[in-house]
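Heads up: the structure comes next, in structure tokens.
The values are calculated or read from the model by the stated rules, or taken from the named source; none is laboratory data. The structure displayed is predicted, hence computed values, not measured ones. When we count neighbours, we look across all protein chains shown, and the Cβ atoms used for this are built from the backbone with ideal geometry, even at glycine.
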Amino acid sequence: MNKIGFIGGGKMATSIINGIINSNLFDNENIIVSDPKIETLQGLENQFHIKITGSNTELAENTKLIVMAVKPFVLRDVLNQIKHSITKEHVIISIAAGISTETIEEILPEVSVIRVMPNTPALVNEGMSAVCKGKYASDEDSDIAVKIFSSVGKVIKTEEKFINTITALSGSGPAFYYYIINEIARAGFLLGLDGRTSLELAAQTALGSAKMILESQLTPQELIKNVTTPGGCTEEGNKVLINSDISDILYKTIEATEKRTIELGKN
């Protein structure tokens with residue numbers, strides 16, 4: 001497919017459009033976006049020189065590959081709006097949290113549906129996306145989604161039964177890491193550093209630590225051991241973490257997020 005459409009022109013759609021253009025997956029003239037806000041469309045047109053429309057139906061009639069980049073609570077309404085323009089030749093990629101491929105297939109029978117859970121670091125090309133396919137989607141359709149989201153970060157293929165947990169872990173996860181980084185930076189501030197310096201130290205340390213996990217092939221436990229000298233300062237800090245209830249708090253955070261994701265799908 002040489003054309004791609006985006007229903008919804010928000011931040012995630014913008015980051016994906018930027019990624020696929022920079023990766024040469026699609027030419028500007030083969031990208032079309034629909035959105036109810038004219039200022040959003042004009043901004044995208046000016047930034048990327050792509051095609052725009054205020055009509056979701058017009059978009060559906062002019063491209064067979066569509067990314068549904070709308071909020072979960074409006075997805076069903078949008079699908080019902082375009083369903084008469086959708087054929088079995090279409091591929092629908094949904095990034096709506098909590099909405100199953102089966103729910104979409106009930107509105108768009110026998111249509112290829114791919115469900116993707118991206119996250120906001122896609123805005124800086126460090127996204128983490130999980131891709132799963134619906135009942136009528138082919139491996140080729142799934143591969144198309146992988147290529148699209150690989151343009152803004154890393155991608156894994158998964159089964160849909162894991163998507164709600166993945167949503168809690170990586171979809172919502174950036175907010176939890178922002179909180180932790182901010183609290184570590186705040187500690188530095190309270191101990192005498194200026195706020196900006198403390199935040200830079202905390203954020204870069206988090207970035208480097210994450211990169212070590214991804215690239216060193218060592219487990220987090222092994223990496224902790226490498227940093228920790230017996231009787232040293234890191235060991236003293238580790239004792240506080242081990243003796244606190246932080247593990248339970250983080251588990252409950254992910255659990256509550258997953259529960260809300262499931263609720264979104266039902267409602």
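Given the options Leu59, Leu75, name the one that is free of Cβ contacts under 8 Å to residues at least 40 places away in the same chain, buried (at least 19 other Cβ atoms within 10 Å of the Cβ) and either outside any strand (DSSP E or B) or touching a Lys or Arg at 6+ places or on another chain (Cβ under 8 Å) (or both).
Testing whether each residue is free of Cβ contacts under 8 Å to residues at least 40 places away in the same chain, buried (at least 19 other Cβ atoms within 10 Å of the Cβ) and either outside any strand (DSSP E or B) or touching a Lys or Arg at 6+ places or on another chain (Cβ under 8 Å) (or both) leaves just Leu75.
With among the aromatic types (Phe, Trp, Tyr) and within 19 Å of Met12 (Cα to Cα) as the only criterion, which of Phe162, Phe149 stands out?
Residue meeting the stated conditions: Phe149.
Return the pairs, sorted by first residue and then second, in which the second residue is among the acidic types (Asp, Glu), the first residue lies in the stretch 10-39 and is touching a residue at least 12 places away in the same chain (Cβ under 8 Å), the beta carbons are less than 9 Å apart, and the residues are 6+ apart or on different chains.
Gly10/Asp35; Ala13/Asp35; Ile21/Asp27; Ile32/Glu58; Val33/Glu45; Ser34/Glu58
So for the stretch 248-265 (the condition being among the β-branched types (Val, Ile, Thr), farther than 30 Å from Ile99 by Cα and outside the structural domain of Glu106 (by TED's automatic domain parsing)), does at least one residue qualify?
No, the stretch 248-265 has no match at all.
For the stretch 166-182, which residues satisfy the criterion of being within 20 Å of Met12 (Cα to Cα) and surrounded by fewer than 19 Cβ atoms within 10 Å (Cβ to Cβ)?
Once the filter is applied, which keeps residues that are within 20 Å of Met12 (Cα to Cα) and surrounded by fewer than 19 Cβ atoms within 10 Å (Cβ to Cβ), the stretch 166-182 yields Leu169, Pro174, Ala175, Phe176, Tyr177, Tyr178.
Which residue, of Gly9, Gly5, is assigned to a loop (DSSP other than H, G, I, E, B), of a type outside the set (Phe, Trp, Tyr) and buried (at least 23 other Cβ atoms within 10 Å of the Cβ)?
Gly9
Against the definition (surrounded by fewer than 22 Cβ atoms within 10 Å (Cβ to Cβ) and in a loop (DSSP other than H, G, I, E, B)), how does Lys161 come out, yes or no?
No; evaluated as a whole, the condition is false for this residue.
Does Val152 fit the bill of being buried (at least 19 other Cβ atoms within 10 Å of the Cβ) and either more than 20 Å from Ile86 (Cβ to Cβ) or more than 18 Å from the chain's Cα centre (by Cα) (or both)?
Yes; evaluated as a whole, the condition is true for this residue.
Can you find, within the stretch 12-50, the residue that is surrounded by the most Cβ atoms within 10 Å (Cβ to Cβ) among those that are part of a loop (DSSP other than H, G, I, E, B) and at negative phi?
Only one residue tops the list, namely Asp35.
May I ask you to list pairs of residues, at least six apart or on different chains, whose Cβ atoms are under 7 Å apart, with the first in the stretch 206-227 being touching a residue at least 12 places away in the same chain (Cβ under 8 Å) and the second being of a type in the set (A, V, I, L, M, F, W, C)?
Ala206/Ile181; Leu223/Met212; Leu223/Ile213
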